[in-house]
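What follows is one structure encoded as structure tokens, with my remarks underneath.
The values are calculated or read from the model by the stated rules, or taken from the named source; none is laboratory data. Quantities reported herein were computed from a predicted structural model and do not represent experimental measurements. Counting neighbours? That spans all protein chains shown, and the Cβs are built from the backbone with ideal geometry, glycine included. Remember, those area values only see protein heavy atoms, side chains included, never the ligands or the DNA or RNA. Shrake-Rupley method; radii C 1.70, N 1.55, O 1.52, S 1.80 Å.
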Amino acid sequence: MSSAALFQVLYQNDVLFHVPGEVLSLVLEKPVIPETVVVKKEEPVVQAVPEIAKLPVMPAAPQPVTAAPSAPDFPKLNHKVLILVDEPKQREMLVSEALFLDNVLKAVGHASENSDILNFSYLAGPDARNVLSEKRINYFITFGVPLIKLHLDLLLPPYAPKQVEGIWFLLTDPLPVIEADRDLKKKLWTALKQMFPKS
């Protein structure tokens with residue numbers, strides 16, 4: 001194909017050059033105007049939601065009322081003298097401690113067999129408030145057991161017996177500590193004589 005024919009094909013509708021004096025006739029193509037498309041706005045279709053079948057409301061089953069577990073009671077007492085010791089390793093006192101305590105009590109006119117001797121570490125219910133409020137005892141001696149552990153709100157200095165509402169209280173060191181110390185034995189003796197003056 002010649003260059004002239006190529007130009008003719010490539011640029012057949014274009015004006016490449018213009019000779020002055022010639023009338024240029026342009027073939028104007030009619031512009032294509034797109035047809036106006038009218039979009040009809042439709043209302044949204046709302047479908048009816050089927051109503052959920054109403055189920056009968058079942059009343060909640062009543063929960064059984066359970067009472068709060070009550071704390072175990074303080075052990076039943078048989079005597080007017082209550083003695084508390086704290087031996088976490090064994091339920092019963094060592095023989096030497098039991099003999100020492102018995103001698104101390106006999107010195108003030110009492111005996112171990114006429115006293116309730118309890119090991120604090122093995123009490124099911126350590127709350128002694130009822131024992132005091134019901135006046136079940138006349139003497140309360142603790143060897144190494146703080147009264148707060150028994151739910152008793154009494155501030156007592158050691159070896160200083162005190163009578164509260166008709167009950168004598170005495171707070172001392174643990175029995176093995178007293179047994180090994182001569183000064184503490186004297187303090188205990190003095191305190192017990194104050195508690196049991198008739199002996």
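The set of residues in segment 182-199 being open to solvent by less than 60 Å² (accessible area, probe 1.4 Å) and in a loop (DSSP other than H, G, I, E, B) consists of 196 alone. Of all residues in segment 77-93, those that are at pLDDT 85 or above and within 19 Å of residue 177 (Cβ to Cβ) total 4. The set of residues in segment 131-146 being part of a loop (DSSP other than H, G, I, E, B) and open to solvent by 10 Å² or more (accessible area, probe 1.4 Å) consists of 134, 135, 136, 138, 144, 146. With respect to the conditions (1) modelled with pLDDT under 90; (2) open to solvent by less than 50 Å² (accessible area, probe 1.4 Å), residue 175 lacks only one, and its number is (1).
Within segment 148-172, the set of residues being exposed (fewer than 12 other Cβ atoms within 10 Å of the Cβ) and either closer than 22 Å to residue 101 by Cβ or in contact (Cβ under 8 Å) with a residue 40 or more places away in the chain (or both) comprises just one member, 157.
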